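Please read the structure below before turning to the comments.
Computed from the coordinates by the stated procedures, all read-outs in this text should not be read as laboratory data. Just so it is clear, the structure is predicted and the values come from calculations on it, not from any experiment. Here Cβ is always computed from backbone atoms with ideal geometry, including for glycine, and neighbour counts include all displayed protein chains.
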């Protein structure tokens, strides 16, 4: 049986590669055109030195970190508990984690504002920020849960727990000395995906008038020509970095890598 | 563990049949997932439910179908239809191209690095959406995009017939994140096609065409259909990209933008209509998710076969 | 002219040679097993007959026509895979009828043949079930029916029972053999389970590292193994190191105890080391002294109860011998440490060639 590559296979790869690559190249080219007549990194310099950029980027960064912490602290014990004690709940939990797909971001924000309208949450800026973080956390659930759940599956969590218990370990020890270290890679996996999502998120942030990176990027396009492209390239590079780090860490530690779905 | 819980005691005390029925419905273990559930309720279910309820309530809180009825205008129905068309076209387009790409990298006998490169890129690209993606396409086929300019130099004028800020433009842009999603889901599905099936069919005398027609495609069909549903939902609910491209006003709009615009100004001077619009979206998404899970369950059942 | 002939078959992959010097003539209706450990080349050879691998050298003919270059889907050879490979999207009936359908047979013909096959494997009520609703054994029977439905010239089976439970395996192999006999289809059966091969084959080809070690009937293979490999792979065996004492008279020394073997050791000088194989069931404990045959003295090291057989391990000076005795509830097996005298006939010793 000849194992030569099919000509059609190369065709499809080539066509799609071109389709994927050209817009990226165009963005990059645009971003270099800030100075008339020459190609240079002026646009990058301009945008990185703007105080608004630093502010919005930092806010997004902070939001991402909070989201990751809350999400991880909610998901890991829950996933662990479900696998250990109530395996029957798994399909229910999976349904819950799929809710963000059923409720698009626009609808979610709409619902959040209308639902909490009288409660005072919507009156203060801290309250709105909390709502945004809450929304982000639920947005991250599908990815974090699936990642952690896969990780727990592969380490046969029930057997490990019973082994630890028979050796005299208490719950705290088990959770932090046995479970967490072994699903560390899954947690990191979920964390990076969450990071990429939050950093790039636009819809919720702009509808809630939060000055994070996404709305800032959009705003920039109404005033500048080349800087938005530069920022897009940076944002893309950041996402790529996250995914690359996930794969690197996953490969080095030998724990199973999870795909997005 | 501490002593017997009430359930365990009742298990011992009651006769076998009753025991079996009582067992498993409730145990205090369910409390362990309470924090998670509360969070979901607070930030997903409660908002969604409030939309649904408020859709059927008028300003004084009485039951009414007025809000739903007010959706029945050409503008609104037309917008829903635009969204559905856009989602459909980009889903089918992305699914088709993604299907062939997934086939190419799994069964096309390409060198290993091609497969890893495409899969990694797909992982990134499926998250690459919204504003940066819109900018990227503006830079490519916008009025002064580099492709537009390049084509102009060889005599092909994209404008004014083609507009990026239109249905066609959006489809082209949406496909950019639909294809990677399709590849990410279909590549494992292709790899799930066991080599023995192909060999068995060959052994029984089937040609390659017959193998694909009678065995491989039918097996893949649930995954394809389910993923199409997922892609549809993905595009239907997308807001950021559309906002960046056509959000400034103008004739073309999609339902997500319409709902979004309810925030800044009650465009229709009717607070209830926002709820109804959002409710309509939820209905579409729920149907989509049902279709998706139906197909996912079907493919899961079939692929559990075999002696290994 | 044999029905299926493999001549000088050789298969090379880039890193190693999987099969070489393979020559086999199979008569019509014969049931031949390829037996050997993993990696010995048995599956590769089978796949060459099926057409999934192309031989680097050599020729395969069926019924006098050369099929070496014929594509796999034109050979009219039925194959049963280890993992059954039933098409999950088709019902049992449609699986069985698949080969006929792709040949363009009419619906009526297909229906008739499928019904025949379902009768043959006694699964008529399962016609509309799907593979995921069947047990492993049921799936394998359907796979068999599917392969036979096309009336193949040769039937190939690649370790079809290895994924099943022991009891089902035994029942199913009898059924496979019965069906094969009834239909008279020439069959090649690959397995690593020597008990399976011994119980159902007309002839066995024992393979190791890509080469044929021995071809013969089950009786031949078991009682007269030609090489050390065959002797140790098939059945349990005692393999002892001995030194030649008298080549012409056939006497050797095991651990300073001299015994007679039933053959001459041609070309061996005194003192040369040889390997001797003795089957455990050929040995018994001598109750009375002065019995016929060879005697070896030793002490009981271990006693294993294997169900119908009790296996006793006896220590000679530097080596061990296992012997089997039937389980007899009225007779106690020897105690550990007990001194015993082992008795066996000279003919029971087989001198084996080292690899």
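To the nearest Å, what is the center-to-center distance of the stretch C:137-176 and the stretch A:126-168, using C-alpha atoms only? Using only Cα atoms, the two centres lie 46 Å from each other. Would you mind classifying the stretch B:113-253 by shape? Square roots of the alpha carbon gyration tensor eigenvalues, ordered a ≥ b ≥ c; an a/c under 1.5 is rounded, otherwise it is prolate if a/b is larger than b/c and oblate if not. Taking the square roots of the gyration eigenvalues as a ≥ b ≥ c, the stretch B:113-253 is prolate. Among A:34, A:26, A:14, the largest mean-square fluctuation in a Gaussian network model of chain A, built with springs joining Cα atoms closer than 10 Å, belongs to A:14. Rounded, prolate or oblate: which fits the stretch C:257-332 when a ≥ b ≥ c are the square roots of the eigenvalues of the alpha-carbon gyration tensor, with rounded for a/c under 1.5 and prolate only if a/b beats b/c? Prolate, because a/c is 1.5 or more and a/b exceeds b/c.
Could you work out the percent of alpha carbon pairs in the stretch C:87-159 separated by over 20 Å, rounded to a whole number?
Working: 580 of 2628 pairs.
When every Cα pair of the stretch C:87-159 is considered, 22 percent fall beyond 20 Å.
Take every residue in peptide A:88-101, count the Cβ atoms of other chains within 10 Å of its Cβ, and give the average of those counts. Before the final figure, lay out each step's value.
Details: counts 5, 5, 0, 0, 3, 4, 1, 3, 8, 3, 3, 6, 4, 8.
Mean number of neighbouring Cβ atoms from other chains: 4.
By how many degrees, 0 to 90 and rounded to 10, does the Cα axis of helix A:105-115 deviate from the longest principal axis of chain A? Taking the Cα atoms of chain A, the angle to A:105-115 is about 70 degrees. Volume of the convex hull of chain C (Cα atoms only), normalised per residue: 180 Å³.
Computed over the alpha carbons of the stretch C:1-152, Rg followed by Dmax gives 17.2, 50 Å.
In which sequence would A:25, A:80 go, from the one with the fewest C-beta neighbours within 10 Å to the one with the most?
Details: A:25 16, A:80 21.
Fewest-to-most Cβ neighbours within 10 Å comes out as A:25, A:80.
Just the ratio, please: alpha-carbon radius of gyration of the stretch A:102-250 over 2.2 N^0.38 Å, N its number of residues. Could you put the intermediate results ahead of the total?
Values: Rg = 19.9 Å, N = 149, 2.2 N^0.38 = 14.7 Å.
In units of the globular-protein estimate, the stretch A:102-250 measures up at 1.35.
Rg/Rh, computed from the Cα trace of the protein assembly as shown with Rh as the Kirkwood radius, has the value 1.08. As a proxy for reagent exposure, ranking C:84, A:44, A:218 by other Cβ atoms within 10 Å from fewest up yields A:44, A:218, C:84. To the nearest ten degrees, helix C:166-183 and the longest principal axis of the Cα atoms of chain C are 60 degrees apart. Taking B:217, B:133, B:96 in turn, the Gaussian network model of chain B (Cα-Cα springs below 10 Å) assigns the largest fluctuation to B:217. A protection proxy built from the mean count of other Cβ atoms within 10 Å ranks the segments A:188-194, C:240-246, most packed first, as A:188-194, C:240-246.
Give the shape of chain A as rounded, prolate or oblate, defined through the alpha-carbon gyration tensor: a ≥ b ≥ c are the square roots of its eigenvalues, a/c under 1.5 means rounded, and otherwise the shape is prolate if a/b is larger than b/c and oblate if not. Walk me through the numbers before you get to the answer.
Working: a/c = 2.13, a/b = 1.32, b/c = 1.61.
It is oblate, given that a/c is not under 1.5 and a/b is not larger than b/c.
Modelled label positions at residue C:318 and residue C:21, each set 7 Å beyond Cα in the direction of Cβ, lie 3.1 nm from each other. Just from its helices, what would the mean residue ellipticity at 222 nm be for chain B, if runs of 4 or more DSSP H residues each count -39500 (n - 2.57) and the sum is divided by every residue, rounded to the nearest 500 deg cm²/dmol? Value at 222 nm, helices only: -22000 deg cm²/dmol.
Could you give the angle, 0 to 90 degrees to the nearest 10, between helix C:107-120's Cα long axis and the longest principal axis of the Cα atoms of chain C? So the inclination is approximately 20 degrees. Across peptide C:66-78, the average count of Cβ atoms from other chains found within 10 Å of a residue's Cβ is 3.
From the P(r) of the stretch C:156-279, could you give the percentage of C-alpha pairs in the tail past 18 Å? Of all Cα-Cα distances in the stretch C:156-279, 62 percent exceed 18 Å. FRET efficiency for the pair residue C:132 and residue C:171, taken as 1/(1 + (r/R0)^6) with r the Cβ-Cβ distance and R0 = 25 Å, rounds to 0.65.
Averaged over C:82-95, how many beta carbons belonging to a partner chain fall within 10 Å of each residue's beta carbon? Write down the numbers at each step before the final one.
Values: counts 4, 9, 6, 12, 6, 12, 12, 14, 4, 0, 0, 0, 1, 2.
Counting other chains' Cβ atoms within 10 Å and averaging over C:82-95 gives 6.
Here the stretch C:171-200 is scanned for amide nitrogen atoms under 13 Å from the site 7 Å beyond the Cα of residue C:151 along Cα-to-Cβ, giving none. Principal axis extents of the Cα atoms in the stretch C:215-355, from largest to smallest and rounded to whole angstrom, are 47, 34, 25. Just the Cα atoms of the stretch B:187-297, one point each, no solvent: what log10 I(q)/I(0) does Debye give at q = 0.11, 0.12, 0.16 Å⁻¹? For the requested q values the scattering log ratios are -0.56, -0.62, -0.81. Return the single residue from C:216, C:337, C:307 with maximal mean-square fluctuation; model: Gaussian network over chain C, springs between Cα atoms under 10 Å. Maximum among the listed residues: C:307.
If neighbour count is taken as other Cβ atoms inside 10 Å, put C:270, A:47, C:230 in order from fewest to most.
Details: C:270 12, A:47 23, C:230 28.
Ascending number of Cβ neighbours within 10 Å: C:270, A:47, C:230.
Rounded to 0.05, the FRET efficiency of the residue B:41 and residue B:81 pair, given R0 = 45 Å and the Cβ-Cβ distance, is 0.85.
Take the Cα coordinates of the stretch C:50-128, assign each an equal point scatterer, and use the Debye formula without solvent to give log10 I(q)/I(0) at q = 0.17, 0.23 Å⁻¹. One equal scatterer on each Cα of the stretch C:50-128 leads to -0.82, -1.12. Here the stretch A:6-111 is treated as a sphere whose radius is the Kirkwood value from Cα pairs; by Stokes-Einstein at 10 °C and 1.306 mPa s it diffuses with a coefficient of 82 µm²/s. Based on the Kirkwood approach, the hydrodynamic radius assigned to the stretch B:26-121 is 18.9 Å, with every pair of different Cα atoms included. Beta bridges per DSSP, both residues in the protein assembly as shown: antiparallel share near 75 percent.
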